[in-house]
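Colleague: Let me begin by handing over the structure; questions about it come next.
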Amino acid sequence: MPTAPLHTLDDGTALPALGLGTYPMDDAEAERAVAQAVAHGYRLVDSAANYRNEAGVGRGVLAAGVPREEIVVTTKLPGRDHGYEQTLRSFEQSRKRLGLDYVDLYLIHWPLPRVDAYVDSWRAMVKLREEGAVRSIGVSNFTAEHIDRLERETGVLPSVNQIEMHPLFPQAELRAALAAKGIAVESWSPLGRGSDLLEDRAVRAVARAHERTPAQVVLRWHVQSGAVPLPKSADPGRQRDNLAVFDFTLDEREMASIASHTPHRLGGDPRHHEEF
Ligand SMILES: NC(=O)c1ccc[n+]([C@@H]2O[C@H](COP(=O)([O-])OP(=O)(O)OC[C@H]3O[C@@H](n4cnc5c(N)ncnc54)[C@H](OP(=O)(O)O)[C@@H]3O)[C@@H](O)[C@H]2O)c1
């Protein structure tokens, strides 16, 4: 059974090199999909208060028959709960829904610069980590400027930034800025959900050359780019395929051909996007 190799975060904890996305699964689907994914070798699961599936994700983790400490469970703070006290309260609600004693990775879902409370939320995240309620803290959809501000005002850097990233939007500049600060990158919509990336001629040519699926070569592109992709699927065959990307290598030419599009986002721009 393949499992993903592990990265070490700046706080010393381990982060598997590939994880399972769970949006838009509901509780029942998430429970099945997570338990099945863990049985296939997944050890990293992504959720969020706003996905409304934390209860299912938690049940799937506990039903999986693998020691709890081997699985990295992620959830995220919703925009409606930004602020110091609100973040502490929101975390408790997430933990209760998950049905877990601790959360491995807790992220601020979006920066919401107009609300301008992400620094207060960040101070609460730091406290949660100090108390041991959370193992690692991070952010999602933060620009380099948002992270600079966290560092300036709190002195604490996130361990992870989960960002939109795929060959149509490779985020080279932001990734370089994060790498310089020792912040790990997770990629959301790694397969380019909502686009025709998996039909792309260059992707298909590389897939044929390696006798792999288009999804596998795209996920391999993430791994070799140093990012942790979080492909979503509840389908057992696709879950297996998506994890089986650690036994082949793309060369430089293939890496470049997969990501040769004019970069464009599929999701919201964090400088303006609001999600509560
Ligand atoms: N932080 C954020 O703001 C944010 C935003 C968006 C997403 N996320 C996270 O990132 C995760 C992944 O992103 P995403 O769900 O948007 O997009 P994605 O993983 O790029 O794409 C998911 C789509 O690809 C299909 N798929 C999966 N494996 C496949 C394969 N091997 N071959 C062909 N098709 C395949 C899935 O279909 P089936 O389901 O039918 O298999 C689904 O339609 C989410 O689930 C969520 O956990 C985070």
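Colleague: Since residue 237 meets every condition but one in (1) closer than 22 Å to residue 162 by Cα; (2) within 11 Å of the ligand (Cβ to nearest atom), which condition does it not meet?
Modeller: (1) is the only condition that residue 237 fails.
Colleague: Restricting to segment 1-49, name every residue that is more than 12 Å from the ligand (Cβ to nearest atom), among the hydroxyl-bearing types (Ser, Thr, Tyr) and in contact with a Gly (Cβ under 9 Å, 6 or more places away or on another chain).
Modeller: Across segment 1-49, the qualifying residues are 3, 42.
Colleague: In segment 189-213, which residue that is free of Cβ contacts under 8 Å to residues at least 12 places away in the same chain and assigned to a helix (DSSP H, G or I) is nearest to the ligand (Cβ to nearest atom)?
Modeller: Per the criteria, the residue is 207.
Colleague: To continue, here is another question. Restricting to segment 142-179, name every residue that is outside any strand (DSSP E or B) and closer than 19 Å to residue 13 by Cα.
Modeller: Answer for segment 142-179, where residues must be outside any strand (DSSP E or B) and closer than 19 Å to residue 13 by Cα: 156, 157, 158, 159, 178, 179.
Colleague: Spot the failing condition for residue 83; the list is (1) more than 13 Å from the ligand (Cβ to nearest atom); (2) of a type in the set (Gly, Ala, Ser); (3) closer than 17 Å to residue 51 by Cβ, and only one is missed.
Modeller: If we test residue 83 against (1) more than 13 Å from the ligand (Cβ to nearest atom); (2) of a type in the set (Gly, Ala, Ser); (3) closer than 17 Å to residue 51 by Cβ, just (3) comes out false.
Colleague: Could you say which residue among 184, 176, 256 is free of Cβ contacts under 8 Å to residues at least 24 places away in the same chain and either within 28 Å of residue 126 (Cα to Cα) or touching a strand residue (DSSP E or B) at 6+ places or on another chain (Cβ under 6 Å) (or both)?
Modeller: Only one candidate passes the filter, namely 176.
Colleague: Every residue in segment 159-194 that is hydroxyl-bearing (Ser, Thr, Tyr) and either at pLDDT below 95 or touching a Pro at 6+ places or on another chain (Cβ under 8 Å) (or both), please.
Modeller: Once the filter is applied, which keeps residues that are hydroxyl-bearing (Ser, Thr, Tyr) and either at pLDDT below 95 or touching a Pro at 6+ places or on another chain (Cβ under 8 Å) (or both), segment 159-194 yields only 187.
Colleague: Additional query: Here are the criteria: (1) under 21 Å from residue 199 (Cα atoms); (2) without any contact (Cβ under 8 Å) to a residue 60 or more places away in the chain; (3) part of a loop (DSSP other than H, G, I, E, B). Tell me which single one residue 234 does not satisfy.
Modeller: With respect to (1) under 21 Å from residue 199 (Cα atoms); (2) without any contact (Cβ under 8 Å) to a residue 60 or more places away in the chain; (3) part of a loop (DSSP other than H, G, I, E, B), residue 234 is out only on (2).
Colleague: Inspect segment 130-141 for any residue being assigned to a loop (DSSP other than H, G, I, E, B), touching a helix residue (DSSP H, G or I) at 6+ places or on another chain (Cβ under 7 Å) and under 30 Å from residue 250 (Cβ atoms) and give the result as yes or no.
Modeller: no
Colleague: Could you name every one of the strands (runs of 3 or more DSSP E) located completely within segment 1-109 that has at least 2 residues being surrounded by 17 or more Cβ atoms within 10 Å (Cβ to Cβ) and in contact with a Leu (Cβ under 6 Å, 6 or more places away or on another chain)?
Modeller: Per the criteria, 14-16, 44-46, 72-77.
Colleague: If the Cβ limit is 9 Å and pairs must be 6+ apart or interchain, which residue in segment 132-145 that is away from the ligand (no atom under 13 Å from the Cβ) pairs with which residue that is at pLDDT below 95 and not aliphatic (A, V, I, L, M)?
Modeller: none
The values are calculated or read from the model by the stated rules, or taken from the named source; none is laboratory data. Keep in mind it's a predicted model, so treat the numbers as computed, not measured. So basically every Cβ, Gly included, is an ideal-geometry build from the backbone, and we count neighbours across all protein chains shown.
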